[in-house]
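The values are calculated or read from the model by the stated rules, or taken from the named source; none is laboratory data. Predicted model only: the values in this text are computed from it and were never measured. Here the Cβ positions follow ideal geometry from the backbone for every residue, glycine too, while neighbour counts run over all protein chains shown. Areas reflect the complete protein model, heavy atoms only, side chains present, ligands, DNA and RNA absent. Shrake-Rupley method; radii C 1.70, N 1.55, O 1.52, S 1.80 Å.
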Amino acid sequence: MTSSDRSAVTAPDHLSAHDLITTTRAVRRRLDLEREVDPRLLEECVADALQAPQGSNLMRTEFVIVRDPGRIERLGRIYREEFDGFYRASETGLYNRVDEDPRHARQSRRTRDSAEHLAVVMSRVPVIVIPCLTPRLAEGDVLTAKHRLATVYPTVWNFMLAARLRGLGTCWTGMTLGREDEVAEIVGIDPALVEQVCMIPVAHYTGTSFRPAWRPPAEEFIHWDSW
Ligand SMILES: Cc1cc2nc3c(=O)[nH]c(=O)nc-3n(C[C@H](O)[C@H](O)[C@H](O)COP(=O)(O)O)c2cc1C
């Protein structure tokens, strides 16, 4: 598809930039499992994603876009096994952590319920996107890893914002990163060369609007001039 064809696929939703950045949520319950996603929409989202900042202007993010239901079913199974095993037991996860602020605690309970829902439906979402980095990060070289991942993350977030503009919900997930080799085998990745960054379910979202989430005041996170 050429760039001139793109506008024929979709007219992006006209959200304000402020609404876009403050109301793009992790979508789990509102993923429409029945509705197909036009692959051209996904191609548009990748094109928009690549507009993100790149360290030294090196294009480093590649996207495996899985639409085959058999592969999605297998990926979803791994996701759920990790959620039910590793995640439920994790000390910093949503099951065992105590959030001091009651507003944060309420939000975390809702997130936990929503995350449980995703664990159940991950094997039935219409699309799973796996952003990747190649070559792999070198063991122990944290400085280089910082630079290289910093090139990938804005691109991935741009993808998620671009999806939102096209009526698609997404959720950044890291649940399967501990099972990279199995995921690689399912989608034909060479794990010696290619590093998976996350796994993103994508589907049209149900309903129309999203709201900003509760967050603590910004001043609690700012250190003017020195820490
Ligand atoms: C690094 C990272 C890993 C995440 N992993 C998961 C995950 O495995 N499963 C999941 O349901 N959500 C996951 N999330 C989504 C977060 O739970 C979500 O962004 C957070 O609860 C805030 O929710 P909101 O974006 O709707 O405000 C992850 C987010 C990030 C940034």
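Miscellaneous remarks
- Scanning the range 166-176 for residues that are crowded, with 19+ Cβ neighbours inside 10 Å and within 19 Å of Arg29 (Cα to Cα) yields Arg166, Leu168, Gly169, Thr170, Cys171, Thr173, Met175.
- Output for the range 107-127, where each listed residue is free of Cβ contacts under 8 Å to residues at least 60 places away in the same chain and either open to solvent by less than 60 Å² (accessible area, probe 1.4 Å) or not in a helix (DSSP H, G or I) (or both): Ser108, Ala119, Ser123
- Restricting the range 168-190 to residues that are over 13 Å from Val66 (Cβ atoms) and touching a Leu at 6+ places or on another chain (Cβ under 7 Å) leaves a set whose member that is nearest to the ligand (Cβ to nearest atom) is Cys171.
- Total residues in the range 88-121 satisfying the condition of being more than 26 Å from Arg211 (Cβ to Cβ) and within 17 Å of the chain's Cα centre (by Cα): the figure is 0.
- Matching residues, the range 53-106, being of a type in the set (Asp, Glu), open to solvent by 80 Å² or more (accessible area, probe 1.4 Å) and within 13 Å of the ligand (Cβ to nearest atom): Glu81
The rows are residues; the columns are (1) assigned to a loop (DSSP other than H, G, I, E, B); (2) within 12 Å of the ligand (Cβ to nearest atom).
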{"position": "Arg164", "(1), (2)": "no, yes"}
{"position": "Pro201", "(1), (2)": "no, yes"}
{"position": "Arg215", "(1), (2)": "yes, yes"}
{"position": "Trp227", "(1), (2)": "yes, no"}
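- Given (1) over 23 Å from Gly207 (Cα atoms); (2) at pLDDT 90 or above; (3) open to solvent by 80 Å² or more (accessible area, probe 1.4 Å), index of the condition Glu34 fails: (1)
- Within the range 131-148, the presence of a residue that is in a helix (DSSP H, G or I), within 14 Å of the ligand (Cβ to nearest atom) and farther than 17 Å from Arg25 by Cβ is excluded.
- Residue pairs meeting the criteria (Cβ under 6 Å; at least 6 apart or on separate chains; first under 23 Å from Glu36 (Cβ atoms), in the range 163-181; second open to solvent by 30 Å² or more (accessible area, probe 1.4 Å) and within 10 Å of the ligand (Cβ to nearest atom)): Cys171/Ala26; Cys171/Arg28
- Within the range 107-118, the set of residues being within 11 Å of the ligand (Cβ to nearest atom) and over 21 Å from Arg35 (Cβ atoms) comprises Gln107, Ser108, Arg110, Thr111, Arg112, Asp113, Ala115, Glu116.
- Matching option when the condition is open to solvent by less than 10 Å² (accessible area, probe 1.4 Å), modelled with pLDDT of 95 or more and under 22 Å from Gly76 (Cβ atoms), among Val194, Val152, Val156: Val156
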